[in-house]
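The values are calculated or read from the model by the stated rules, or taken from the named source; none is laboratory data. Bear in mind the structure is a predicted one, so any value in this text is a computation, not a measurement. Glycine gets a Cβ as well: all are built from the backbone with ideal geometry, and neighbour counts include every protein chain shown. The area values use the complete protein model at the heavy-atom level, side chains included, leaving out ligands, DNA and RNA. Shrake-Rupley method; radii C 1.70, N 1.55, O 1.52, S 1.80 Å.
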Amino acid sequence: MVAALAEARDQPDGPARLLELERIAVLADAAGDDRSAVDARFALIETALPRGERWRLVEPVRRCLAVLDRRPELFSEAEAELLTRYQRYAIEALLGTPRVGLDQARAVDDLARRIGADAEAVAELRCRIADHLGDEPTAREWYGRWAVAEPGPAGGCPGCAPARRADLLAGWGDWAAALDELRDVLDGAVDCTDQPERALTAALLPWLRQGEVERAGAAHVRAYRRHRGERAAFGHLATHLRFCALAGHPGRGLDILAEQLPRLDRPYDDLSAMEFAAAGALVCQLAVAAGLGGRTVHRPAYGDRPAADLDVATLGAVLLGVATELAGSFDARNGTGHQSGRIAAWLAERPVAGPVPIPAADEGATDEVDPYAPDDPEPSDREPVPLTLAMITMALDRRGDRYAVDGGTVVGRWGDAVIQFRQLGEHGEILHARALAARRLPAARRAEAYAFCNAWNHDRLLPKAYVHDLGDELVLAGDVNTDLAHGVAPAQLDVLVNAAIITGVAYADAVAALP
């Protein structure tokens, strides 16, 4: 079981890896091997999270919690805390997709039992679920408790909590309160790699509604510069589109639609797809009214659907169909009409000012407009930014190395070492480097292989060495994980990549030198 799990972890991220991890978990259950079952389900969760597939967490989290209740001695304190955080993510899946049953809302009661009824995470989840169902009075009641609760390990990123609360307030039309909620973040007092762009996006419509139009325009340019390419930021694109529509810039909204439309085929979750489509339909509707109906937007082929150049009115109808179908699915699951009503309200909106001044994308915002001062389109070599796959490949390009990109994994060979780089963590904030020695040992040398790895780990800091037992042969591998939750500068990433390659090659050379 251990060998099968190690081999599954070596597979590229994707559906095949998820299916294999599920298979191993089921086999471990049948064999009564609770530890292997938990390990397989933790690996499944860690695979699903970066893909935005929180709905996949519901069943593995439920089964892991059952083991925790039955055999708490199997879990370290860190694992138990991590499982509580995963439980929160599984409950949040209810908000992101109608594929999760409404009974998942009752899982908040179990979370409250584990961490306390007044815990921040419990208050937030009850607030957001009530808002999702259209029960604003209950949502406001829980909002008050959430706002004063002490942050806890299951409460999510504390730097993003004000933005999540501001989104709720803006949805209720409390523009001034939303901006008050964001005050500390907008003053730069919060340490979070998603900031300031996350907060700037949350402030866009409140600033626009409050008449601070220049500030809103500069915030949109700065935040979209980052959100345009980040997978996890797909949910923010609807706000950028609505801003363009309501700020008197339907042409800019069409430009963003043309750039982002391919992402709708593989959205981060169903809620973000619904909101993107609804905001896009609003842009198209206002663009036609502004005389831009003659423009066309290219929609690439996907699955059995051929590529097509759609005029604005046709594109708007397609997007409206996507939005209303998803809203109907949510409402059928929820037993309410709230999501359909919310989409209808968006489509009835009209520009509140316009055209709002929008600085060119390559202009820095002035201090009077943007409290964060100028920033360059590209980060300097020493400016920390969130880790991306493109940054990893650029670091290898600067070295002049040859590599391949398979899904979300970068793979190359250096001497006797095959080295893989990929992102782990909820936000892709962990740089994971894995070195595989080209030389394999026969299974009969298992004891010798373990002794070699133990000696390496005793004498060397990097990489952490271990053995994959494939049955008839052994693969010697090494891992290096670096937490970059606070961002990484390109110059720092160069050092980390170089270190991973140098130590990985040294490890593979040592394996090759074994008698």
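Measuring r between the beta carbons of Asp10 and Val352 and using R0 = 60 Å, the FRET efficiency lands at 0.65. The C-alpha atoms of the chain define a longest principal axis, and helix 312-334 lies at about 70 degrees to it. Using only side-chain charges placed at the Cβ, +1 for Lys and Arg and -1 for Asp and Glu, the dipole size of the range 207-258 relative to its Cα centre rounds to 140 debye. Computed extension length for Thr336-Ala258: 24.8 nm, one decimal, from 0.36 nm per residue of separation with the Cα-Cα distance subtracted. Determine the sum of side-chain charges near Thr296: Lys and Arg each +1, Asp and Glu each -1, restricted to other residues whose C-beta is under 15 angstrom from that of Thr296. So the environment of Thr296 carries a net charge of -2. Summing charges over neighbours of Ala107, with a neighbour being any other residue whose Cβ is under 10 Å away from its Cβ, gives 0 when K and R count +1 and D and E count -1. In vacuum, with every alpha carbon of the chain counted as one equal point scatterer, what does the Debye formula give for log10 I(q)/I(0) at q = 0.06, 0.10 Å⁻¹? Two decimals, please. Taken in order of the listed q values, log10 I(q)/I(0) reads -0.32, -0.89. If R0 is 30 Å, the Cβ-Cβ spacing of Val495 and Thr296 corresponds to a FRET efficiency of close to 0.05. Among the chymotrypsin sites (Phe, Trp or Tyr not before Pro) in the range 423-507, none is located in a DSSP loop while being surrounded by at most 11 other Cβ atoms within 10 Å of its own Cβ. Restricting the GluC sites (Glu not before Pro) of the range 173-215 to loop positions (DSSP other than H, G, I, E, B) with no more than 13 neighbouring Cβ atoms within 10 Å leaves nothing. Given their separation in residues at 0.36 nm each and the Cα-Cα distance between them, Glu79 and Glu136 gain 17.0 nm when the chain is fully extended. For the range 23-96, applying the loop criterion from DSSP together with a ceiling of 12 other beta carbons within 10 Å to the chymotrypsin sites (Phe, Trp or Tyr not before Pro) yields no site.
Express the carbon and sulfur contribution to the solvent-accessible surface of the chain as a percent, rounded to the nearest whole number, probe 1.4 angstrom. Carbon with sulfur: 53 percent of the solvent-accessible area. Taking 7 Å steps out from each Cα toward its Cβ at Ala360 and Asp184 produces label points 3.9 nm apart. Extension gain, Asp483 to Arg402, is 26.6 nm, computed as 0.36 nm per intervening residue step minus the present C-alpha separation. Local charge for Val322 was computed over the other residues whose Cβ lies under 12 Å away, with Lys and Arg +1 and Asp and Glu -1, and equals -3.
Extending 7 Å from the Cα toward the beta-carbon at both Leu102 and Glu59 defines two label points whose distance is 2.3 nm.
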